[in-house]
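Structure first, commentary second.
The values are calculated or read from the model by the stated rules, or taken from the named source; none is laboratory data. This is a predicted model, so every value here is computed, not measured. Cβ: placed from backbone, ideal geometry, glycine included. Neighbour counts: every protein chain shown. SASA here: full protein model, heavy atoms, side chains in, ligands and nucleic acids out. Shrake-Rupley method; radii C 1.70, N 1.55, O 1.52, S 1.80 Å.
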Amino acid sequence: MEKQLLDAVREAVKSLYGEQAANAELSLQKTRKEYVGDLTLVVFPLLKMSRKKPADTAEEIGKKLMEICPLVAECNAVNGFLNIKLSNAAWLSELAEIDAAENFGFTVVSENSPLIMVEYSSPNTNKPLHLGHIRNNLLGYSLAKILEANGNKVVKTNIVNDRGIHICKSMVAWKRFAGGATPQSTGIKGDHLVGDYYVAFDKEYKKEIAALVAEGKSEEEAKEAAPIMQEAREMLRLWEAGDAATRELWATMNQWVYDGFDETYKRLGVSFDKIYYESQTYLVGKQKVLEGLEKGLFFKKDDGSVWADFTKEGLDEKLLLRADGTSVYMTQDIGTATLRFSDYKIDKMIYVVGNEQNYHFQVLSLLLDRLGFKWGKDLVHFSYGMVELPEGKMKSREGTVVDADDLMDEMVATATAISKELGKDGLSEEETAEVCRKVGLGSLKYFILKVDPRKNMTFNPKESIDFNGNTGSFIQYAYARICSVLRKAAEQGIATTAQSKDIVLSDAEIELVQQLSTFPAVVRQAGEEYSPSLIANYSYDLVKNYNRFYHDFSILKEENTDVRAFRLQLSRNVAKILRQAMSLLGIELPERM
């Protein structure tokens with residue numbers, strides 16, 4: 001409808017002033033509430049053609065639109081703005097178009113669509129996923145869905161940090177304290193079991209440091225001399241040397257963790273198209289660095305370490321290989337990029353990583369560009385803020401993180417408790433449990449995704465399930481209410497599609513249709529700005545408006561059958577857009593609550 005209106009404006013300008021207006025000179029925006037109208041044309045860019053005052057130009061264009069465009073019911077000029085009120089027929093036609101489009105607002109992916117790779121999650125195999133991982137996974141998965149809805153081919157990837165001293169710490173502690181315990185023998189989820197021994201290592205390490213300090217060593221000396229840390233370093237050396245027994249234990253414990261991760265990912269509703277492992281990429285990165293050294297892209301210091309010099313770019317020198325030839329995180333990222341580029345013809349690479357790594361990705365972009373990756377210079381670091389609890393930051397080594405599995409359990413339990421208080425809509429126990437799962441996890445996802453990803457956030461489980469606030473459960477309840485109305489209409493054989501073009505619409509109904517019509521623009525903006533929060537908050541605003549409409553107007557009891565059919569059609573499409581919007585956030589909507 002906006003396109004038709006802009007075409008009419010272009011025709012009016014040509015007719016009045018004899019010149020063709022460029023697309024950049026034509027701008028429509030929603031009319032401010034203090035003025036009469038639905039859409040407002042900004043006239044200022046057209047003054048060079050009219051050579052008249054802003055108000056006179058707006059008035060002339062308005063009169064011409066009234067003559068040539070059946071969409072327009074009335075116009076009023078306010079200085080350089082032309083407020084346009086559209087006809088009822090125009091809004092009915094707009095709703096019919098939205099209704100007819102199966103995936104309104106989504107762009108179809110084609111063979112020629114750009115290929116975007118999105119990396120998220122990036123866990124370590126020495127501990128289970130925690131609240132910080134939840135924000136990372138939800139942002140990454142949602143961003144991938146939004147980019148796909150904008151017509152891009154998307155590959156979702158994960159890089160698992162499965163090697164290094166932190167892995168060896170869990171392995172050493174397991175050998176010392178576990179007595180052969182396995183996930184099967186203990187009934188403990190594999191990633192939790194391994195994480196328990198990472199915490200156990202830290203406790204024993206601190207105990208040994210304290211004992212050595214008591215014997216007269218300095219704290220630094222004690223940290224170096226602590227037997228358990230020396231054992232972990234020796235295990236790392238054996239791993240890098242390919243020692244069979246060390247590698248076997250490493251593979252066994254990592255598999256416990258992978259199995260645990262898979263359960264958590266499935267429950268969280270996120271997935272990956274390709275998983276890379278640091279143990280498979282770091283040597284590739286090392287080779288790529290050595291090739292760059294031979295080509296003069298990097299330089300070697302006297303101690304044998306290899307560096308990249310970015311002082312001309314306003315940064316500093318960056319270590320790529322240590323003096324002993326071992327790699328650093330940057331080396332691994334180069335290796336992973338090399339493998340990805342050989343696996344996929346990537347047009348754009350997006351890394352979903354917290355803002356504490358901003359400098360790392362500045363350097364990585366320059367490194368990849370220097371090494372010849374065409375997307376290197378334009379890589380996107382989707383930098384997001386940290387998530388904390390009301391009581392402060394979390395610490396993995398001290399075992400004070402909020403475990404992802406425990407948090408999901410808590411959210412579902414909270415939803416179940418609320419369900420018992422409110423009663424249920426004739427559901428069986430199994431159906432009730434499924435609704436509570438959707439509400440609990442939906443509330444968790446929405447609470448995290450509604451926040452601008454660039455901002456730090458505090459997650460408060462108690463605030464996330466509230467049927468009257470800006471929450472996932474608020475949106476889910478509204479959706480279930482609409483489904484109930486539509487079921488009753490079907491049971492009574494009531495028509496749910498408007499046929500008459502003579503219906504007089506209220507301002508509330510027009511506002512809802514107009515809000516639905518902006519969904520494609522919101523999806524597009526969310527893709528351009530990498531911001532799932534735009535989708536979340538659009539959905540909340542849509543539900544608020546629909547709830548006001550629902551309370552102020554009769555739907556099933558409306559006596560005028562044409563009006564009743566329109567309101568049911570409007571309700572059905574509010575539900576459809578909510579379903580599509582929530583799918584971009586990975587949130588399920590129950591049809592009964």
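Average accessible surface for the chain: 46 Å² per residue, computed with a 1.4 Å probe over protein heavy atoms with every protein chain in place. Sequence-ordered 3J(HN,Hα) estimates for the stretch 43-51 from the Karplus curve with 6.51, -1.76 and 1.60 and θ = phi - 60° stand at 8, 3, x, 9, 5, 5, 8, 6, 6 Hz, glycine and proline given as x. Treating each Cα of the stretch 162-229 as an identical point scatterer and summing with the Debye formula, the log10 of I(q)/I(0) at q = 0.20, 0.27, 0.28 Å⁻¹ comes to -0.79, -1.11, -1.16. The packing ranking of peptides 448-458, 25-35, 325-335, highest mean first, is 325-335, 448-458, 25-35, where packing means the average number of other beta carbon atoms within 10 angstrom of each residue.
Rounded to the nearest whole Hz, the Karplus-based 3J(HN,Hα) values (6.51 cos²θ - 1.76 cosθ + 1.60, θ = phi - 60°) of the stretch 443-452 follow the sequence 5, 4, 5, 5, 4, 7, 7, 6, 7, 3, with x at glycine and proline. Considering helices alone, the calculated mean residue ellipticity of the chain at 222 nm is -18500 deg cm²/dmol, with DSSP H runs of length four and up weighted by -39500 (n - 2.57) and normalised per residue.
Between the residues Q514, L290, N456, the greatest Cα displacement towards the positive end of the dipole of the chain, with unit charges on the Cβ of Lys, Arg, Asp and Glu, is found for Q514.
Highest average first, the peptides 534-542, 487-495, 560-568 ordered by how many other beta carbon atoms sit within 10 Å of their residues are 534-542, 560-568, 487-495. Within straight-line reach of K223, meaning a Cα separation under 24 Å, sit the following lysines at least 8 residues removed in sequence or on another chain: K127, K169, K175, K203, K206, K207, K395.
Gain on full extension, evaluated as 0.36 nm per residue between T497 and F553 minus their Cα-Cα distance, stands at 18.4 nm.
Sorting the segments 283-291, 127-135 by their mean number of nearby beta carbons within 10 angstrom, highest to lowest, gives 127-135, 283-291. Extending 7 Å from the Cα toward the beta-carbon at both E294 and Y329 defines two label points whose distance is 3.0 nm. Rounded to the nearest 20 debye, the dipole size of the stretch 468-593 about its Cα centre is 360 debye, using +1 on the Cβ of Lys and Arg and -1 on the Cβ of Asp and Glu. Over the stretch 72-118, the Kirkwood radius and the radius of gyration, each from Cα atoms, give a ratio Rg/Rh of 1.26. With R₀ fixed at 35 Å, the C-beta to C-beta distance from R237 to D309 puts the FRET efficiency at about 0.70. Over the chain, with every protein chain in place, what whole percent of the accessible area is carbon and sulfur at 1.4 Å, could you tell me? Carbon with sulfur: 48 percent of the solvent-accessible area.
Using the Cα coordinates of the stretch 432-518, the gyration tensor eigenvalues translate into equivalent-ellipsoid semi-axes of 33, 20, 9 Å, sorted from longest to shortest. Normalised by 2.2 N^0.38 Å, with N the number of residues, the alpha-carbon radius of gyration of the stretch 1-128 equals 1.50.
Over the chain, Cα pairs under 8 Å with separation of 6+ residues give a relative contact order of 14 percent. For the stretch 378-534, the convex hull spanned by the alpha carbon atoms encloses 187 Å³ per residue.
The Rg/Rh ratio of the stretch 347-389, with both radii computed over alpha carbons and Rh defined as the Kirkwood radius, is 1.07. If the Kirkwood radius is taken over C-alpha pairs of the stretch 263-322, then at 37 °C and 0.692 mPa s the Stokes-Einstein diffusion coefficient equals 232 µm²/s.
Considering all different alpha carbon pairs of the stretch 548-593, the Kirkwood hydrodynamic radius works out to 12.0 Å. If you plug the beta carbon distance of Q287 and R579 into 1/(1 + (r/R0)^6) with R0 = 45 Å, you get a FRET efficiency near 0.40. Across the cross-link table entries K462/K557; K63/K544; K348/K455; K189/K445, which are compared at the Cα atoms, the separations over 27 Å belong to K462/K557; K63/K544. Given the stretch 482-536, report the % of alpha carbon pairs whose separation exceeds 15 Å. I get 68 percent for the Cα pairs in the stretch 482-536 exceeding 15 Å.
Expressed as a fraction of 2.2 N^0.38 Å, the C-alpha radius of gyration for the stretch 56-192 is 2.02. Treating each Cα of the stretch 318-389 as one equal point scatterer and applying the Debye formula with no solvent, the log10 of I(q)/I(0) at q = 0.19, 0.23, 0.27, 0.28 Å⁻¹ comes out as -0.80, -1.07, -1.30, -1.35. Over the stretch 278-356, all Cα pairs binned in 5 Å intervals from 0 give whole-percent P(r) values of 3, 14, 21, 23, 21, 13, 4, 1, listed from short to long. Run a plain Debye calculation on the stretch 233-299 (Cα atoms as equal point scatterers, no solvent) and give log10 I(q)/I(0) at q = 0.12, 0.19, 0.27 Å⁻¹, rounded to two decimals, same order as the q list. Log10 I(q)/I(0), no solvent term: -0.54, -0.91, -1.13. Distant-in-sequence amide contacts of L86, defined by a placed amide H-H separation under 5 Å and a gap of 5 or more residues or a different chain, comprise D38, L39, A73. In the stretch 503-593, the inverse of the mean reciprocal separation of distinct Cα atoms equals 14.1 Å; this is its Kirkwood hydrodynamic radius.
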